[in-house]
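Comments concern the structure below.
The values are calculated or read from the model by the stated rules, or taken from the named source; none is laboratory data. Remember, predicted model here, so these are calculated numbers, not experimental data. Using ideal geometry, Cβ is built from the backbone for each residue, glycine included, and neighbour counts are taken over all protein chains shown.
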Amino acid sequence: MKAYVIEQAGGPEVLRMQDIASPEPGADEVRIRVRAFGLNRAEVYRRAGKFGPISGQVVPGIEAVGEVIHDPAGTFRTGERVVTAMGGMQFSRNGSYAEQVTVLRNNVMSMDGTTLSWEDLASLPEAYLTVWGALDKSLAIEKGQTLLVRGATASVGLAAVAYAKASGLRVIATTRSPENQRRLTRMGADEVVIDGGEVAQAVREIAPDGVDSVLEVVGAATVRDSLKTLRPFGKVSVIGLLGGSPVIDQLHLMQDLPAATWLNFFPSGLLGTPAMPLAESPLPWIAQELAAGRMPSLRSETFDFDDVRRAHSLMESNHALGKLVVRV
């Protein structure tokens, strides 16, 4: 099968298409014919060596959609439409930048009922499964609450805006560029705040008593300011590291954490584990809402399989306002 292989850290040019063997699925695995996959910052970081040294051949990619080729256990039938995400892809096993991928069965979910195109389906798994974990599991969002999405123009931020709005929340979204305001409004944001580094005062003018929850996509660089937007017993869940290092220097528990607030980091590596079985996720409902036009699409651009290098360059330019998808 054809797959993109990385043998050394570097820029997009180190992504090289090669013919490699497709691993046979073990007892707890499923082999999938990849039809499309979404691109993620995690793949850029892996390619650049930010996740540690690259030894041997690495096939990047942490999500895919396609059809089942073989499931030794018979849980999924041959030809069944499925999505897959995480489960060690690009780290402990080959990733999804390939014509086929062999993945852990626990990280596969049937999407046979959806009418979405492969390209639109590929925009969903990693973004919306992460949002599900952070919003529903970590923040326990409820209809009628107010959510702040800090760094909302990242694809996962856009997914959070759309999902929270569809779930009945009031959504405040931040962006560094006024040009992105219309895009965020189309995704469902009720209010958009231009982020010059501090947004707490502007958010408090919109929600004087504080917001119920914050989804922090920028990361450690803005956490202190995001915490200031919370009401007592409000929550912040960090899911992104767009602002750089994950380290918060000299966090003062009494001065930096407002009264009775809650801070956590949600790692998408939990997806498919006993703590977060994919069968419990709202992904089929999201696909249904998207197909019916009741939720907006995340997809901003689609690339052919032989054009992955250009897709990586666009992602690194920070000019891709939405999800980049590759059709195979």
Exercise. Residues in the stretch 244-269 that are in a loop (DSSP other than H, G, I, E, B), under 19 Å from the mean Cα position of the chain (by Cα) and without any contact (Cβ under 8 Å) to a residue 40 or more places away in the chain: how many?
Worked result: 4
Exercise. What about Arg47, is it in contact (Cβ under 8 Å) with a residue 40 or more places away in the chain and at negative phi?
Worked result: yes
Exercise. What's the number of the condition Ser317 fails, among (1) closer than 30 Å to Asp19 by Cα; (2) among the polar types (S, T, N, Q); (3) at pLDDT 95 or above; (4) surrounded by fewer than 17 Cβ atoms within 10 Å (Cβ to Cβ)?
Worked result: (3)
For this session: Just need a number here: residues in the stretch 147-177 that are modelled with pLDDT of 95 or more and assigned to a helix (DSSP H, G or I).
Result: 11
For this session: Go through the stretch 221-235 and count every residue that is part of a strand (DSSP E or B), among the hydrophobic types (A, V, I, L, M, F, W, C) and in contact (Cβ under 8 Å) with a residue 40 or more places away in the chain.
Result: 0
Exercise. Is the stretch 176-186 home to any residue that is in contact with an Asp or Glu (Cβ under 8 Å, 6 or more places away or on another chain), buried (at least 20 other Cβ atoms within 10 Å of the Cβ) and over 20 Å from Lys228 (Cβ atoms)?
Worked result: no
For this session: Pick out the one residue from Ala166, Ala152, Ala220 that is surrounded by fewer than 21 Cβ atoms within 10 Å (Cβ to Cβ) and under 18 Å from Ser138 (Cβ atoms).
Result: Ala220
Problem set entry | Test: Asp307 is in a loop (DSSP other than H, G, I, E, B) and either farther than 20 Å from Phe37 by Cα or over 15 Å from the mean Cα position of the chain (by Cα) (or both) | no
Exercise. Looking at (1) surrounded by fewer than 18 Cβ atoms within 10 Å (Cβ to Cβ); (2) in contact with a strand residue (DSSP E or B) (Cβ under 7 Å, 6 or more places away or on another chain), which is the only condition Lys50 fails?
Worked result: (2)
